Amino acid sequence: MSKKFRVFATCDIGESLELLRKRAYEVEVYPEPQAPPKKLIIEKVKSGIDGLITTLRDPIDAEIFAAGKDTLKVVAQMAVGFDNINRADANRYKLPFTHTADVLTEATAEFAFFMLGALARKMWSAEHLTRENKWSFWHPYLPFLGDEVTGKTIAIIGTGRIGLAMIKKCCGFDMNILCYDPAYQNHEYVKAIQETMDLRHAKGIQKEKTWIKYTSFEDALKQVDFVSVHVPLLREGESETPTYHLFNEKNLKMMKPTAFLVNTSRGPVVDEAALARALKENWIAGAALDVYEKEPLPADSPLRDPAIEDRCRLYPHFASAGKITRLSTDPNKGMAGRCVQGLIDVLEGNYGGDITKMPYVVNKEAFGKLTNIAS
Ligand code: NAD
């Protein structure tokens, strides 16, 4: 390797950074567990680093790209979501950024499903009862009952990678499935799931026949027992169908009063003030959230209201937090490994230096023709 690359990581992403050091990269890591101030990122970028490793906590925009003009060659994000990175600014500065799609798909989908189960079957309240020594007798319905998941109907909002993986989990629980996605509809996958459902029924694995189909957003919300959200955060102007506050007062009111909402996508997709009211005033039965409009969830959030505690599960942006998923150095298994590989691809000019061919680069549209960035 002719050039020694300099990299700044805004966070310790584990052993994968050693892979870079072994390739003689000079790697500096922000030592604190919290995100660094933006000022510091700008300072590091200005110092002439070649690569910047980021997480979803770091705001990456024109200010950063301007600081790295002519020196910064890649931003490698350890996450699939990249709403913290201003794509239009990156394109203006012709700066490729990478993400870690796929390796966290199953972990995120299974966590969404577990959240759904914990919420519907009141597992949190049930454990509290036991731990706090308030479990005084077995009784047919006291002190409370939960709602079964098996055989119910779910709406999958966003049928990209994680939405499709969630569909697979729901199929195993004999659920009927309504899908909504204005931009990407995988009819082949839906057909395969229907065939799986039919086979399970024919072989006596599930008692009732079940079904899956695409429908409209309204139709999905109005009919189902569960809604699981798997969309990217897209603000006004970023998409013809933005997802910011997709779950607002109007849309929450379309759901059945017995229905549950599960959100593992991004916090601002749900209007939290409206959701808190929806729970308090029983427009819906419950919600389980992994992501919030402001993270960490503020102490005074209305979602912490003890009056809705048993119907509102709150998790700390944890859906991808499996050991292998987060930290494996293998780019086919771990977010850290894939993040580092994305960075290497760009800096070392893999794929003949053609950014449009690099699998982990997001903003390929800015690189229409062959670009050998490493030269
Ligand atoms: P993806 O791009 O494969 O799928 C997203 C889907 O949403 C796409 O098919 C897109 O067409 C669809 N979509 C866009 N706008 C929509 C709208 N208005 N209504 C319905 N669907 C719409 O992404 P993915 O890999 O499935 O990840 C989805 C999101 O999940 C990520 O962007 C990220 O924000 C979030 N995520 C969260 C965690 C976590 O730890 N909680 C982990 C991984 C991903």
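Just so it is clear, none of the values below were taken in a lab; they were calculated from the coordinates. Every value quoted in this text rests on a predicted model; they were computed, and no experiment measured them. Cβ sites come from the backbone with ideal geometry, for glycine too, and all protein chains shown count toward neighbours.
Going by neighbour counts of Cβ atoms within 10 Å, the residues SER239, SER328 line up, fewest first, as SER239, SER328.
With a cut-off of 8 Å between alpha carbons and a minimum separation of six or more residues, what is the relative contact order of the range 282-326 in percent?
Worked out over the range 282-326, it gives 53 percent.
For the chain, what proportion of DSSP beta bridges, expressed in % and rounded to the nearest 5, is antiparallel? Within the chain, antiparallel bridges account for around 0 percent of the total. Going by neighbour counts of Cβ atoms within 10 Å, the residues THR55, THR264, THR241, THR105 line up, fewest first, as THR241, THR55, THR105, THR264.
Under 11 Å from a label point set 7 Å out along the Cα-to-Cβ vector of SER136, no amide N atom of the range 270-307 is found. Residue exposure proxy: PHE82, PHE114, PHE318, ordered by other Cβ atoms within 10 angstrom of their Cβ from fewest to most, comes out as PHE318, PHE114, PHE82. What relative contact order, as a whole-number percentage, does the chain give when Cα pairs under 8 Å and 6 or more residues apart are counted? Contact order relative to length: 17 percent. Taken as Cα centroids, the range 161-207 and the range 261-282 sit 26 Å apart, rounded to the nearest whole angstrom. Membrane-span-like helices in the chain (whole DSSP H runs, Cα extent of at least 15 Å along the helix axis, mean Kyte-Doolittle hydropathy of at least 0.5): 105-120, 161-172, 335-347. Computed over the range 280-375, the percent of Cα pairs more than 17 Å apart is 66. Given N residues in the chain, what is Rg(Cα) / (2.2 N^0.38 Å)? Relative to the 2.2 N^0.38 Å estimate, the chain comes out at 1.08. Sorted on the mean count of surrounding Cβ atoms within 10 Å across their residues, most packed first, peptides 151-160, 301-310 read 151-160, 301-310. Going by the alpha-carbon gyration tensor, a ≥ b ≥ c the square roots of its eigenvalues, is the range 1-80 rounded (a/c under 1.5) or, if a/c is not under 1.5, prolate (a/b greater than b/c) versus oblate? Oblate. Annotation for the range 1-50 versus the range 228-255: alpha-carbon center distance of 35 Å. Taking only the C-alpha atoms of the range 105-314, the Rg (one decimal) and the largest Cα-Cα distance, Dmax (whole number), read 17.4, 57 Å.
Once C-alpha pairs closer than 8 Å and six or more residues apart are averaged by separation and normalised to the residue number of the range 227-324, the relative contact order reads 26 percent. When both the range 59-136 and the range 292-329 are represented by their alpha-carbon centers, they are found 12 Å apart.
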